[in-house]
Ligand SMILES: Cc1cc2nc3c(=O)[nH]c(=O)nc-3n(C[C@H](O)[C@H](O)[C@H](O)COP(=O)(O)OP(=O)(O)OC[C@H]3O[C@@H](n4cnc5c(N)ncnc54)[C@H](O)[C@@H]3O)c2cc1C
């Protein structure tokens, strides 16, 4: 056996022990920051072990500009995951390696989705996760994250034209994008943008507790595995500055995200036993669901060169106003929808030096209820080697059919006079729109919306693929919980950052209830 998990005797010269933490939170990202802050506020001693850097509080002013500036998506601090799309195309699966996690580099859209998806989680054996149970937590997270909708005068010309074109194509304007009871409609996105700043969960949750004695943030420390003795988690082993680092606590909470958390569980001997043995990893809990149920929101996007008119109007707007690339969104329903809507269309502009206008316009349709499921597998027990991420995008024909509807709808919108004047020559466009040609184009051209989830599914029965119970506790291992995107049984038809902050709120609450109950 290459791994001896119960052997905690490692070289004491290179080991630091926190010794005084009640809880270790692995990953100070979107959910991890929420969990850590809530536990510290309640008086617990928490060590956050984060693989990336921590730039301190917002007020200290040390954060790199691109992570703070909410106008565009940052490109640094990436973990480097990659894989293939349905047509074999190479796809990057960006994930942020920094305190705040993906909330520190995402698009800031904060839509909670549709209540029926949460009610379905509850009905599948996860009591306490219905929309009505979660409403107060959504309200708390929204407040902390400073979520607000763009005012009409803040909407830049391309985004305004999209809304006008969507209305002309038959989708009503709505102000319900921040509600769990919303229907089909289009409007300005609710965003966690405060004075142009991407208000990530590190600012929203960790900053208020940074001065508490109970909080320790261990940075640039990548967790290799959870240390397990007698079916109980007793701590974690990480690598910091090339040296092993061992931390102990009563409870370990994994918040390393939809790729990071299953990687850690698998390296810890928690996962499908046969796969673990192939890697020479000692099995602590045979859980077939670890790494399975991987899904994401796939997207098909039309792309165009921007016109001179677009350049001029954006320049004029930027002289007096803050100019974000993305601001609006339409919720639409394909014939495959099992709820009020199943597609998001959320156009953006981005600088492109290859275009005479200097701009590229993108009109994507993202599928919110994918049926396809993939799997994450370890390539090696070495924590420096990223897992194989097989999303199996569009393996289910219904996913292609729903995206095809989204593309048809986007084609109708781009032809409306309100938008057409901003769009120049097509740069990514289907050559045919009958079913077969469009399906082939979608398979070989699709992307995704960076919403991976589900790899440690929540549910009552491990024999049916559940990895954690409805309290986030890993089945068969005491003292170990998961709180992040990986616990989602199925993605809500939302932008998931807000629901994932809510997962952090709920699991922190359950940890505290258990201690006081
Ligand atoms: C480019 C981009 C744009 C997006 N736009 C939006 C949007 O507009 N709206 C929206 O709602 N969602 C958006 N998302 C998705 C959303 O941000 C994520 O789904 C969500 O933030 C994930 O939260 P999480 O807590 O599961 O993981 P993360 O926020 O990724 O947190 C995981 C943390 O764990 C750390 N970690 C991982 N492995 C280890 C390890 N071994 N040891 C120690 N630490 C580790 C990571 O460094 C990270 O800090 C976007 C994502 C991307 C990448």
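The values are calculated or read from the model by the stated rules, or taken from the named source; none is laboratory data. Because the structure is predicted, anything quoted here is derived from the model rather than measured. Every residue, glycine as well, gets a Cβ built from its backbone with ideal geometry; the counts of neighbours run over all protein chains shown.
General observations
- Note on the stretch 237-252: residues that are away from the ligand (no atom under 11 Å from the Cβ) and within 26 Å of the chain's Cα centre (by Cα) total 2.
- Only listed residue being modelled with pLDDT of 95 or more, part of a loop (DSSP other than H, G, I, E, B) and surrounded by 15 or more Cβ atoms within 10 Å (Cβ to Cβ), chosen from 380, 357: 357
- Matching residues, the stretch 75-97, being in contact with a strand residue (DSSP E or B) (Cβ under 8 Å, 6 or more places away or on another chain), within 14 Å of the ligand (Cβ to nearest atom) and free of Cβ contacts under 8 Å to residues at least 40 places away in the same chain: 77, 78, 92
- Residue match in the stretch 101-119 (condition: at negative phi, surrounded by fewer than 22 Cβ atoms within 10 Å (Cβ to Cβ) and free of Cβ contacts under 8 Å to residues at least 24 places away in the same chain): yes
- Residue within the stretch 429-450 that is surrounded by 24 or more Cβ atoms within 10 Å (Cβ to Cβ) and farther than 30 Å from residue 349 by Cα present: no
- Every condition in (1) touching a residue at least 40 places away in the same chain (Cβ under 8 Å); (2) assigned to a loop (DSSP other than H, G, I, E, B) holds for residue 371 except the one numbered (1).
- Selection count, the stretch 78-109, where residues are closer than 25 Å to residue 215 by Cβ and touching a helix residue (DSSP H, G or I) at 6+ places or on another chain (Cβ under 8 Å): 12
- Selection of the stretch 469-491 for residues being more than 25 Å from residue 269 (Cβ to Cβ) and near the ligand (Cβ under 10 Å from one of its atoms) yields only 491.
- Whichever residue in the stretch 163-216 is in a helix (DSSP H, G or I) and more than 16 Å from the ligand (Cβ to nearest atom) and, among such residues, is nearest to residue 69 (Cα to Cα): 208
- Residue that is farthest from residue 424 (Cα to Cα) [pool: residues in the stretch 302-343 that are in a strand (DSSP E or B) and out of contact with any helix residue (DSSP H, G or I) (no Cβ under 7 Å at 6 or more places or on another chain)]: 331
- Restricting 494, 447 to residues that are more than 21 Å from residue 287 (Cα to Cα), within 15 Å of the ligand (Cβ to nearest atom) and more than 13 Å from the chain's Cα centre (by Cα) narrows the list to 447.
- Residue among 367, 394, 411, 403 that is over 26 Å from residue 270 (Cα atoms), at pLDDT 95 or above and more than 21 Å from the chain's Cα centre (by Cα): 411
- All conditions in (1) free of Cβ contacts under 8 Å to residues at least 40 places away in the same chain; (2) surrounded by fewer than 16 Cβ atoms within 10 Å (Cβ to Cβ) hold for residue 167, with the sole exception of (2).
- Pick from the stretch 63-73, criterion surrounded by fewer than 20 Cβ atoms within 10 Å (Cβ to Cβ) and in a loop (DSSP other than H, G, I, E, B), ranking: farthest from the chain's Cα centre (by Cα): 64
- Of all residues in the stretch 255-283, those satisfying the criterion of being more than 10 Å from the ligand (Cβ to nearest atom), part of a loop (DSSP other than H, G, I, E, B) and crowded, with 21+ Cβ neighbours inside 10 Å are 268, 269, 281.
- Check on residue 228, farther than 14 Å from residue 476 by Cβ, more than 14 Å from the ligand (Cβ to nearest atom), crowded, with 21+ Cβ neighbours inside 10 Å and modelled with pLDDT of 95 or more: no
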